[in-house]
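Following: one structure in structure tokens, then a few remarks.
Read-outs throughout are calculated quantities, based only on the coordinates presented, and are distinct from any laboratory measurement. Computed from a predicted model, the values in this text were never measured in an experiment. Ideal geometry is used to build each Cβ from the backbone, glycine not excepted, and the neighbour counts take in all protein chains shown.
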Amino acid sequence: MFRFRSFAAVSAVAASFALGGAASAQTVLNFAHSTAQNSHYSMGVQAFAKTLSELSNGKFEIREQAAGALGGERDVIEGLQIGSVELTISSTGPLGNFVPEALVLDLPFLFKDYDAARSILDGEIGQELLAKVSENNLVALAWSENGFRHVTNSRGPINTPADLDGLKIRTMENPVHMEAFRAAGASPTPMAFPEVFAALQQHVIDGQENPIPVITASKFWEVQDNLTLTGHVYSPAIILAAPSLWDGLSDEEKGWFQEAATAAVAATRAKVEADEANGVALLRENGMKVIEKVDQAAFQKAVSPAYDTFVSKYGDEMLKRIQAAQ
């Protein structure tokens, strides 16, 4: 952690100097994410970089920091708040630790399909939640995407919720996800994403849960034998900027960043769609056994206590609005 803080601090000084220099000077900004180069996140970052460079005539250069190079998602979000990282695309996993209102998005089986999820996040509800995020020393630019999450493991096939019993499964650092898997009988183990592959390889954990684009980009077939398409959670992503960066921009420049975020969302979603179309076949080709058809109603019932816990803590107003919008 000390090494990460030291590197990030140097980055912040460099970015601050660039922002304070002459208008013609190029400003280099670190855009951090946790997935591999050329993953769906990476495609989004590259689209962001291209759009921003074009709109600014090269004034802003994006330096992609992939695969957790600047730390896990929680580390990076904290870095945004203190100004040591400029931009990130992150799952909502750690976001609830900073913005409890966003936890509603992590409830299992909340969104019925991609169209519903995208429509809601791009609409009034999504904009309200972005505004809530921006009240917490963060600048929320747009909702992006990971996809529907599925379970992989090295212990054996997961056909029913009973097969989750005792499974030591990595979850995001998110209380809603942990509660859902605990209710289903699994042993949830929160862990920063950059640590997951090694933990699976060393059998510290039995499995993990992620969307197809993450599973393929991470080559989890090297350390996991089984995949079950549970689709238990639609996982959004969010594009965030550091207030220290944002506050130094003109209104015109802020518009460029917003346009770049829109381009990033489109590129990320396109990559998710491509991976969803081809990813299962790729995983099979690399030796994974895939269970495509499960009784989703049974899994939904198994994780339903997560709803009771959520509502008791945060109420059900936003939950009901999202359910009614589908």
Just to be sure I understand: with springs between alpha-carbon atoms less than 10 Å apart, which residue in Gly279, Gly231, Gly166 has the highest mean-square fluctuation in the Gaussian network model of the chain? Gly166
Which whole-Hz couplings ³J(HN,Hα) result when phi for each residue of region 92-109 is put into the Karplus expression 6.51 cos²θ - 1.76 cosθ + 1.60, θ = phi - 60°, listed in order with x for Gly and Pro? 7, x, x, 5, x, 5, 9, 9, x, 4, 6, 4, 4, 5, 9, 5, x, 6
Pick from His40, His232, His203: which residue has the top mean-square fluctuation in a GNM of the chain where Cα pairs under 10 Å get a spring? His203
Quickly rank 239-248, 123-132 as a protection proxy: mean count of other C-beta atoms within 10 Å, highest first. 239-248, 123-132
Residues whose placed amide H lies under 5 Å from that of Ala142, excluding near-sequence neighbours: Ile239
Place a label point 7 angstrom from the Cα of Thr262 along the Cα-to-Cβ direction, then list the residues of region 43-72 whose backbone nitrogen is under 18 Å away. 44-57
Using only the Cα atoms, work out Rg/Rh for the chain, with Rh taken as the Kirkwood radius, to two decimals. 0.97
Whole-Hz ³J(HN,Hα) from phi, Karplus 6.51 cos²θ - 1.76 cosθ + 1.60, for region 172-189, glycine and proline x: 5, 7, 9, x, 5, 5, 4, 5, 4, 6, 5, 5, 7, x, 7, 10, x, 10
Most positive-pole-ward Cα, Val272, Gly126, Trp246, against dipole of the chain from beta carbon charges: Val272
Per-pair calculated FRET efficiency, R0 = 25 Å: Glu135 and Ser187 via Cβ, rounded to 0.05: 0.10
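May I ask you to work out the translational diffusion coefficient for region 70-209 at 20 °C, viscosity 1.002 mPa s, via Stokes-Einstein with Rh from the Kirkwood sum over Cα pairs, reported in whole µm²/s? Don't jump to the answer; show the numbers that get you there.
Values: Rh = 16.3 Å.
Using the Kirkwood radius from Cα pairs, D works out to 132 µm²/s.
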Per residue of region 120-132, what does 6.51 cos²θ - 1.76 cosθ + 1.60 with θ = phi - 60° give for ³J(HN,Hα)? Whole Hz please, x for Gly and Pro, Karplus curve as stated. 5, 6, 7, x, 4, 5, x, 5, 4, 5, 4, 5, 5
For Ala274 and Ser250, compute 0.36 nm times the residue count separating them, minus their Cα-Cα distance, and round to one decimal in nm. 5.0 nm
Could you tally the net charge around Gly96, taking each other residue with its Cβ under 10 Å from the Cβ of Gly96, Lys/Arg +1 and Asp/Glu -1? -3
